[in-house]
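This report concerns only the one structure given below.
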Amino acid sequence: MPANTQISQPLLQVQNLEKRYPSASGTKQQTEVVALSDVSFSLTSKSTLAVVGESGSGKSTLALCIACLEKPTSGTIRFESDELTSLNNRALRPIRPKIQLVFQDPANSLNPNWTALEILTEPFVIQNLFAKQERLEKAHILLEQVGLPAEKSAQRPHELSGGQRQRLAIARALALEPQLLILDEALSSLDCSVQAQIVNLLLELQSSLGLSYLFITHDFAMAAHISDQIVVMHRGHFVETGPAETIVRTPQHPATKRLIYSAKAASAPQILPRELQAV
């Protein structure tokens, strides 16, 4: 990690975040479901924080809260100088473009009836940015940035491969020049070779554009490979946090150990990070 990362101001700072939902059962014993409880962390500019946990641990709820798509029950989310949980929708409008979400399955987040070019120009239309020709030019630049050939601009999502759809989803997320990308299981539906290609793309984009990533995954091997810091979620809580290498070498919490052992069992040892092979 670069030395100046330690002293720079956080881009994102979350403190004591809690999110509760009404219980579906409606019983007296459990009137609420706690999805997040006392979650605190910070993310510095141009760095990657991986949030790792099993299904149902609260990772996606955390992503939605930070992206301002869910309102927390309590706690604070500070992005640069703005405390997001205290802002109404109008005040959030200029901030939302700076925080973009990339989902697990782009087929569900991209309009199936639109071409890639229409999908990429939509953010400019919504924000009333640029003239028509400039929108088209910027869309083609975005395609080039994520490694999609120009001829793909006329194709619809179902005409693209899974990896190409995810590249398109990343390009759309980049359209409004965000500072933070939240990648919510963005690699989990891809096969290993395509995952590696998308990871390389993300690292290149981070280097060239100065992006920060909140990388949400259940895949400990991938988290160890891509992140500077790792936090482990279990039942809505952060149970372990630290530099990626430290967490991988000396896991403390049983949930962390389970995730690491699962990663070892699911992958050939020779393609795991060296630190993970030693656990």
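The values are calculated or read from the model by the stated rules, or taken from the named source; none is laboratory data. Here the structure is a predicted model, which is why all the values come from computation and not from measurement. Ideal geometry is used to build each Cβ from the backbone, glycine not excepted, and the neighbour counts take in all protein chains shown.
Name the helices (runs of 4 or more DSSP H) wholly within the range 87-167 that hold at least 2 residues that are of a type in the set (A, V, I, L, M, F, W, C) and either closer than 30 Å to T217 by Cβ or touching a strand residue (DSSP E or B) at 6+ places or on another chain (Cβ under 7 Å) (or both)?
Fully inside the range 87-167 and qualifying: 116-126, 132-145.
Condition test on S60, is it part of a helix (DSSP H, G or I), at pLDDT below 95 and within 20 Å of V231 (Cα to Cα)?
The answer is yes for S60.
Which of the following residues is surrounded by 12 or more Cβ atoms within 10 Å (Cβ to Cβ), among the hydrophobic types (A, V, I, L, M, F, W, C) and in contact with a Ser or Thr (Cβ under 6 Å, 6 or more places away or on another chain): V33, V102?
Result: V33 is the single residue among V33, V102 that is surrounded by 12 or more Cβ atoms within 10 Å (Cβ to Cβ), among the hydrophobic types (A, V, I, L, M, F, W, C) and in contact with a Ser or Thr (Cβ under 6 Å, 6 or more places away or on another chain).
Filter the range 65-84 for residues that are without any contact (Cβ under 8 Å) to a residue 24 or more places away in the chain and either aliphatic (A, V, I, L, M) or crowded, with 17+ Cβ neighbours inside 10 Å (or both) and give the result. First the steps, then the outcome.
Initially, the range 65-84 is screened for residues without any contact (Cβ under 8 Å) to a residue 24 or more places away in the chain, giving 71, 81-84.
Residue satisfying the conditions is L84 alone.
Going by the structure shown, is F130 aromatic (F, W, Y) and either in contact with a His (Cβ under 8 Å, 6 or more places away or on another chain) or under 24 Å from F215 (Cβ atoms) (or both)?
When the stated conditions are applied, F130 does not pass them.
Filter the range 158-190 down to residues that are touching a Gly at 6+ places or on another chain (Cβ under 8 Å) and without any contact (Cβ under 8 Å) to a residue 60 or more places away in the chain and give me whichever is surrounded by the fewest Cβ atoms within 10 Å (Cβ to Cβ).
Restricting to residues being touching a Gly at 6+ places or on another chain (Cβ under 8 Å) and without any contact (Cβ under 8 Å) to a residue 60 or more places away in the chain, the top hit is L190.
Residue check, I99 against (1) within 25 Å of S208 (Cα to Cα); (2) modelled with pLDDT under 95, all met but one. Which one?
Single failed check for I99: (2).
Please enumerate the residues belonging to the range 63-86 that are hydroxyl-bearing (S, T, Y) and either out of contact with any helix residue (DSSP H, G or I) (no Cβ under 9 Å at 6 or more places or on another chain) or part of a strand (DSSP E or B) (or both). Walk me through it before giving the result.
Taking the range 63-86 first, the residues hydroxyl-bearing (S, T, Y) are 73-74, 76, 81, 85-86.
Hits for the range 63-86 are T73, S74, T76, S81, S86.
Assess whether K152 counts as being of a type in the set (D, E, K, R), on the phi < 0 side of the Ramachandran plot, touching a helix residue (DSSP H, G or I) at 6+ places or on another chain (Cβ under 6 Å) and surrounded by 16 or more Cβ atoms within 10 Å (Cβ to Cβ). Spell out how you get there, then give the answer.
On the way: of a type in the set (D, E, K, R): yes; on the phi < 0 side of the Ramachandran plot: yes; touching a helix residue (DSSP H, G or I) at 6+ places or on another chain (Cβ under 6 Å): yes; surrounded by 16 or more Cβ atoms within 10 Å (Cβ to Cβ): yes.
Criteria met by K152.
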